[in-house]
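The block underneath contains the structure these notes are about, expressed in structure tokens.
A short reminder: the numbers here are calculations on the coordinates, not readings from a lab. In this text the structure is predicted, and so the values were computed from the model without any measurement. Cβ atoms come from the backbone with ideal geometry, glycine included; neighbour counts cover every protein chain shown.
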Amino acid sequence: MPKVITPKHFGAPLGMYSHGMLAPGGELLVVAGQVGVGRDGKVAGEDVVSQTKQAFENVRAVLEAGGCRWRDVVRLQTFLVTADDIPGFMKARQEVFPGWFPDGAYPPNTLLVVSRLVRPELRVEIEAMAVRPRAVARRKPAARRKSRRPR
């Protein structure tokens with residue numbers, strides 16, 4: 001489990017993130033920027049809150065596919081297209097983070113405001129890095145069953 005790092009002379013972070021995080025050895029999972037687009041290919045909504053929640057859900061899906069949980073995340077990077085969306089992003093994070101990080105040990109997050117994302121209707125993009133615990137990393141993938149159907 002990652003350990004939160006806070007220099008003694010630092011104050012509390014300005015939001016739901018840690019100044020630093022020390023991750024135990026394991027395999028690194030890098031999650032590409034995820035946006036507020038659902039499985040159906042449609043944008044979750046026009047507002048940053050709904051798009052942020054969908055982007056977080058997309059990050060979660062990649063984490064799980066890689067054998068990780070939210071608790072294994074050691075870094076987030078968030079891109080917004082306008083500073084006016086910062087309160088909405090913070091609201092969405094306040095709604096989902098307590099369930100994923102009940103101990104309040106939030107991963108470091110860098111928040112950047114950019115001119116636009118790949119599609120003009122997108123308001124937020126979230127990248128993540130996680131360290132898959134060694135116990136999971138050592139497990140071998142399950143053997144694939146051979147099909148009994150003739151080819």
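Values as computed for the structure displayed
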quantity	calculated
Average Cα contact separation per residue, the chain, under 8 Å, 6 or more apart, as relative contact order %	35
Computed over segment 1-66: relative contact order in percent, which uses C-alpha pairs under 8 Å that are six or more apart	26
Proximal aspartates and glutamates relative to Lys91, as straight alpha-carbon distance under 14 Å, when same-chain residues fewer than 8 apart are discounted	Asp47
Ala32 versus Ile86: modelled label distance in nm, points set 7 Å from Cα along the beta carbon direction	3.0
Rounded if a/c under 1.5, otherwise prolate or oblate - the chain, Cα gyration tensor axes	oblate
Computed helical MRE - 222 nm, the chain, DSSP H runs ≥ 4 contributing -39500 (n - 2.57), nearest 500	-8000 deg cm²/dmol
Centre separation in Å (Cα based) which lies between segment 85-120 and segment 3-27	16
Potential lengthening between Ser115 and Phe101 on full extension [0.36 nm per residue; Cα-Cα distance subtracted]	2.0 nm
Relative exposure of Ile5, Ile126, judged by other C-beta atoms within 10 Å (fewest first)	Ile5, Ile126
Burial ordering of Arg134, Arg119, fewest other beta-carbon atoms within 10 Å first	Arg119, Arg134
